[in-house]
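For reference, the structure discussed in these notes is given below.
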Amino acid sequence: MKKLLFAAGMLTFIACQQTRTNNTAGLPLTDTTLINKGKYLVSVTGCNDCHTSKVMTDNGPALDSNLLLAGHPAALGLPPADPVTARNWALFHFNGTAVKGPWGTSFAANITPDSTGIGMWTEAQFVRAFQHGDAKGIAGNRKLLPPMPWQAYQAMKPEDVRAIFAYLKSIPPVKNVVPEPIAPQP
């Protein structure tokens, strides 16, 4: 009987170890596989489209590698836009990091691991912002503004969100304080 219990216990232990090994949530945020998956997901979900400033090249806009995922550059400002047009249209800044629309003006956040970005955020805060739309990942904060498609990310698997967070925590930090949103003009 003792041998049977021991064997059952060992099988359970081995099964749990295998499950934990294959479970992404059990991997540390520094795990290369997790980070690579996050890099892939950041690429295919278009995070750079809004969170990385662009520079003009002979081939059109290209990502500014010095500001990778650093959000709207604080020093850039915004050109004036017709408020009447902004009530019915979304007007994107040429670099893609700021948008005027019926909601006002929104600026892409710094999602690098700098303290001006997500450097001090917990994984839970990131999930809350990414999948629930709460600014800075704090329940009760204002909702993230367009064009951030947080509603579309609600269905994303937890291990995918975790991989994105791990990748973002692994990239070079960029100091950039992004402006606060601007309320719509009457």
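The values are calculated or read from the model by the stated rules, or taken from the named source; none is laboratory data. Bear in mind that the values here come from a model prediction, so they are computed numbers and not experimental data. Virtual Cβ from ideal backbone geometry, glycine too; neighbours counted across all protein chains shown.
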* Asked: Going by the structure shown, is Phe94 at pLDDT 95 or above, more than 23 Å from Leu34 (Cα to Cα) and more than 13 Å from the chain's Cα centre (by Cα)?
  -> no
* To do: Could you tell me whether any residue of the range 98-106 is in contact (Cβ under 8 Å) with a residue 40 or more places away in the chain, over 21 Å from Phe165 (Cβ atoms) and among the polar types (S, T, N, Q)?
  => yes
* Lys136 is checked against (1) outside any loop (DSSP other than H, G, I, E, B); (2) at negative phi and fails just one. What number does that condition carry? -> (2)
